[in-house]
Amino acid sequence: MEIGSFKISGHSTKRNWAVYLFVATPKEQTEKTILYVGKVGDNRDGCNPVISRVGNHFSFNKIHSQIRNEIKETENYDYEYFYCHFGEYENDENKHLRINSRKKTDELERELNRIVQKKLNAEKHELIKPFSGKTISTEKTKRRAELITDEERMMLKKLCAQAL
């Protein structure tokens with residue numbers, strides 16, 4: 001028997017658009033560190049705080065639990081969650097704003113995934129669901145890239161550097 005605890009930052013309870021990098025470090029040094037890139041704000045019913053998303057990763061509901069789906073013995077890993085907010089969720093009647101924010105968040109997630117792929121060490125890390133973008137037209141890729149700013153790209157690079 002043991003007593004466990006963990007600290008939750010109030011910042012992680014905000015209802016904001018966000019992307020994150022989940023790092024699962026194995027207790028056995030023979031295993032690779034598992035990485036997962038995700039976002040919040042992509043469901044139709046609104047945007048949950050990042051702390052809610054963390055919990056869902058360990059749910060026994062296979063739809064939400066990408067970490068548990070990949071790591072069967074979750075207790076054999078320690079976890080860190082790196083995230084960055086990119087604006088408040090638009091809770092008003094302006095659906096157009098929410099759609100644009102969702103598209104932007106989608107592209108922020110894809111960009112973070114690409115950054116992680118460039119920075120990870122394949123001998124030490126395994127990225128769950130790497131983004132390939134192979135079926136996306138050049139024109140669509142260019143339009144998507146225009147959704148995020150250089151400052152936001154720099155923030156994603158900082159997030160990745162802090163995590164890896």
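The values are calculated or read from the model by the stated rules, or taken from the named source; none is laboratory data. Values in this document were obtained by computation on a predicted structure and should not be read as measured data. Neighbour counts run over all protein chains shown; Cβ positions are idealised from the backbone, glycine included. Accessible surface is based on the protein model in full, side chains and every heavy atom, while ligands, DNA and RNA are left aside. Shrake-Rupley method; radii C 1.70, N 1.55, O 1.52, S 1.80 Å.
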Task: All Cα pairs of the range 15-163, percent lying beyond 28 Å - done: 20 percent
Task: Fraction of accessible area attributable to carbon and sulfur, the chain (%, probe 1.4 Å) - done: 48 percent
Open item on the list: Working only with C-alpha atoms, what are the Rg and Dmax values of the range 28-72, expressed in angstrom?
Closed with: 12.3, 41
Task: Which listed pairs, of K14/K62; K32/K119; K32/K134; K32/K72, have C-alpha distances above 18 Å, in listed order - done: K14/K62; K32/K134
Task: All Cα pairs of the range 110-164, percent lying beyond 15 Å - done: 54 percent
- [ ] Taking 7 Å along the Cα-to-C-beta vector as the label spot, tell me the A161-F58 distance in nanometres, rounded to one decimal.
- [x] 3.1 nm
- [ ] Would you be so kind as to identify all helices of the chain, as entire DSSP H runs, whose Cα atoms reach 18 Å or more along the helix's own axis and whose mean Kyte-Doolittle hydropathy is at least -1.0?
- [x] 150-163
Open item on the list: Tell me the net charge near S132. Cut-off is 11 Å between Cβ atoms, S132 excluded, with +1 for each Lys or Arg and -1 for each Asp or Glu.
Closed with: +4
Open item on the list: Just to confirm, what accessible area per residue do you get for the range 15-163 at 1.4 Å probe, in whole Å²?
Closed with: 62 Å²
